[in-house]
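**Student:** I have a structure I would like to understand better, so I am pasting it below and will then ask my questions one at a time.
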Amino acid sequence: MPTIDRIHAREVLDSRGNPTVEVEAESMGRIVYAIVPSGASTGEHEALELRDRDNRFHGKGVLKAVRNVNEVIAPKLVGEELDSQERLDKIMLELDGTELKTNLGANAILGVSLVIAKLRAGVQGKWIYEVIGNDYTIPVPLLNVINGGKHAGGKLAIQEFMIVPHGFDTFRESLRAGSEIYHSLKSLLKKKYGVSAVNVGDEGGFAPPIDRSADALQMLVSAIEDAGYSPKEQVSLAIDAAASEFFHDAYYHVDDQKMTIEDMVDLYSQLTEEFPLISIEDPFDENDFEAFAKLMRLLGNKIAIVADDLTVTNVNRIKQAMDTNAANYLLLKVNQIGSLTEALNASDLCRQGKWGVVVSHRSGETEDPFIADLAVAIKAERIKTGAPARSERTAKYNQLLRIEEKLGDKAIYQGTLM
Ligand code: PGA
Ligand code: ZN
């Protein structure tokens, strides 16, 4: 059994130009790298992203996390056999010893956890998805083409307006539709609002001066039609409200209005009636399981109610959401929980509880396509990794193209199962 010969972390930059942790590891002469992503609208229950809070990088340096890898984790793991992800992750979790990884930092632990999966693949001459899972499917992409909330500077409170090209036989055809619609949308926005409307936000979607959520969704429907596709049959819509970000003083501040939970439920059900909306993520504040459950009772048998900040890829919070019937889909982000093993446990729990899974990027991403392999390996129904533009986003979509090609006749596209 090959062993881990070397682990070394360094500070590199993410897609927003902020520092993040990269881990390099070596076994039998093979060298692999993993880079950790970072959110902006982070959930308050996420594992700790350790930042230096000193004068470098406006306090965002990650040299403490880097040191924790090089001086605390590496000495424990170098020389260990690459036999099991779970065993190696467990060594790190015990080394940290806290619920939210406040000793070593989730960014330190996750970097090593991901690089271990890559090393296990590397020494066996396998692809990453092959060492994580046993059988595979290709997820449907949720492409974020209009950015609002914290990811853009506009008036839209809802953070993400996404197109979901599912009515195709393959991922490749879906991605092509996604790209064509993105460019149709660009032309429409330019015509209506001028060239500055097609500046892009953090996830590569446009950031136009649209005020109302319904107008943003209408633009998407027009773009789908302009590109020659049929809304609903081939391409549906999804939103991530990221509602904790606009919940202040007991009200939701959205579409230039001050809304109660009941108002928000009405808004969501109206949008679902008016548009081919198949997925609503984080519709309410991250602690309000009850409000989520209210929406579930109304729409849960028709569309995906996705928990992100509510559940933060943490099995305890997912259990709570299952017990209260607060959602029917998990947004799975590896850095919310901080190790691959725990993310896989979250996915397993979803399968037991008959929830769907959307594997997700962060708004601060990197060139590392790891989550594409992860989504294939856990047979995630969907993947959310930004617009079909900007290399930190397309890195994931392009990896899915490679995997679909590699699987050939055996590739099962989730769009065909919907
Ligand atoms: P974040 O946004 O990475 O900034 O948290 C993504 C999301 O809310 O899904
Ligand atoms: Zn979200």
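The numbers here are math on the coordinates, done by the rules we state, and not lab data. Treat the numbers as computed from the prediction; the structure is a model and nothing was measured. Cβ coordinates were reconstructed from backbone atoms using ideal geometry, including for glycine residues, and neighbour counts include every protein chain displayed.
**Student:** Go ahead and run the numbers for FRET between M1 and N301, Cβ-Cβ distance against an R0 of 60 Å, rounding to 0.05.
**Tutor:** Calculated value: 0.80.
**Student:** Now, a different point. Which shape class, rounded, prolate or oblate, goes with region 27-107 when its Cα gyration tensor gives a ≥ b ≥ c as root eigenvalues, a/c under 1.5 marks rounded, and past that a/b bigger than b/c marks prolate? Walk me through the intermediate numbers first.
**Tutor:** Values: a/c = 1.94, a/b = 1.55, b/c = 1.26.
Prolate, because a/c is 1.5 or more and a/b exceeds b/c.
**Student:** Classify region 46-185: rounded, prolate or oblate, from the alpha-carbon gyration tensor (a ≥ b ≥ c, eigenvalue square roots; a/c under 1.5 rounded; otherwise prolate if a/b is larger than b/c)?
**Tutor:** oblate
**Student:** Cross-link list K64/K90; K186/K410; K60/K126: which exceed 31 angstrom alpha carbon to alpha carbon?
**Tutor:** K186/K410; K60/K126
**Student:** Across region 209-270, what fraction of all alpha-carbon pairs, as a whole percent, falls in each successive 10 Å bin from zero upward?
**Tutor:** With 10 Å bins starting at 0, P(r) equals 19, 44, 26, 11, 1.
**Student:** Between D135 and Q320, what is the FRET efficiency for a Förster distance of 35 Å, r being their Cβ-Cβ separation, to the nearest 0.05? Walk me through the intermediate numbers first.
**Tutor:** On the way: r = 30 Å, r/R0 = 0.86.
Calculated value: 0.70.
**Student:** May I pose another question? As a footprinting exposure proxy, order K76, K186 by other Cβ within 10 Å, with the fewest listed first.
**Tutor:** K76, K186
**Student:** Under the rule a/c < 1.5 gives rounded, and otherwise a/b versus b/c splits prolate from oblate, where does region 259-314 land using the Cα gyration tensor?
**Tutor:** oblate
**Student:** Now for a different question. So, how do all the Cα-to-Cα distances of the chain break down into 20 Å bins, in percent, from 0 on up?
**Tutor:** The calculated distribution, bin by bin, is 28, 59, 13, 0.
**Student:** Restricted to Cα positions, what overall size does region 272-418 have along the principal axes? Three whole-Å values, descending.
**Tutor:** 43, 36, 29
**Student:** Scaled to the compact-protein estimate 2.2 N^0.38 Å, what is the alpha-carbon radius of gyration of region 134-246, rounded to two decimal places?
**Tutor:** 1.05
**Student:** K192: which lysines have alpha carbons under 25 Å from its alpha carbon, excluding same-chain residues fewer than 8 sequence positions away?
**Tutor:** Answer for K192, where 25 Å is the Cα cut-off: K150, K155, K232, listed by chain and number.
**Student:** Moving on. Leaving out same-chain residues fewer than 8 places away, which aspartates and glutamates sit with a Cα under 17 Å from that of K396?
**Tutor:** D14, E130, E173, D202, E203, E365, E367, D368, D373, E381, E404, E405
**Student:** Moving on to the next point. On a full-extension model of 0.36 nm per residue, what is the gain between T102 and Q270, subtracting their alpha-carbon distance, rounded to one decimal in nm?
**Tutor:** Working: separation 168, 0.36 × 168 = 60.48 nm, distance 4.22 nm.
Contour length minus Cα-Cα distance gives 56.3 nm.
**Student:** Rounded to the nearest 500 deg cm²/dmol, what is the calculated helix-only ellipticity per residue at 222 nm for the chain, with -39500 (n - 2.57) per DSSP H run of length n ≥ 4?
**Tutor:** Working: 14 runs with 158 residues, N = 418.
Mean residue ellipticity at 222 nm (helix-derived): -11500 deg cm²/dmol.
**Student:** May I ask for the angle, rounded to the nearest 10°, between helix 85-96 and the longest principal axis of the chain, with both axes built from Cα atoms and the value confined to 0 to 90°?
**Tutor:** The two axes meet at around 90 degrees.
**Student:** Across region 128-144, in residue order, what do the Karplus-derived ³J(HN,Hα) couplings come to in whole Hz, using 6.51 cos²θ - 1.76 cosθ + 1.60 with θ = phi - 60° and x for Gly and Pro?
**Tutor:** 4, 4, 6, 8, 8, x, 10, 10, 9, 9, 9, x, 7, x, 9, 9, 7
**Student:** I need the calculated FRET efficiency for the pair K64 and R390, taking r as the beta carbon distance and R₀ as 22 Å, to the nearest 0.05. Display every interim value, and only then the final one.
**Tutor:** Numbers: r = 29 Å, r/R0 = 1.32.
After rounding, the FRET efficiency stands at 0.15.
**Student:** Sticking with this structure for a sec: Using the 10 angstrom Cβ neighbour count as an exposure proxy, how do V306, V221 rank, fewest first?
**Tutor:** Values: V306 30, V221 17.
Lowest count first: V221, V306.
**Student:** Follow-up. Between K258 and D54, what is the label-point separation in nm under the 7 Å Cα-to-beta-carbon projection?
**Tutor:** Going from the D54 label point to the K258 one covers 4.6 nm.
**Student:** Would you mind ranking K384, K150, K126 so that the residue whose beta carbon has the fewest other beta carbons within 10 Å leads the list?
**Tutor:** Details: K384 31, K150 18, K126 12.
Result, fewest neighbours first: K126, K150, K384.
**Student:** So which GluC sites (Glu not before Pro) in region 38-145 end up in coil per DSSP with only 13 or fewer other C-beta atoms within 10 Å? Walk me through the numbers before you get to the answer.
**Tutor:** Working: sites: E44, E46, E49, E71, E80, E81, E86, E94, E99, E130; in loops: E44, E46, E49, E80, E99.
For GluC sites (Glu not before Pro) across region 38-145 that sit outside H, G, I, E and B with at most 13 neighbouring Cβ atoms in 10 Å, the list reads E44, E99.
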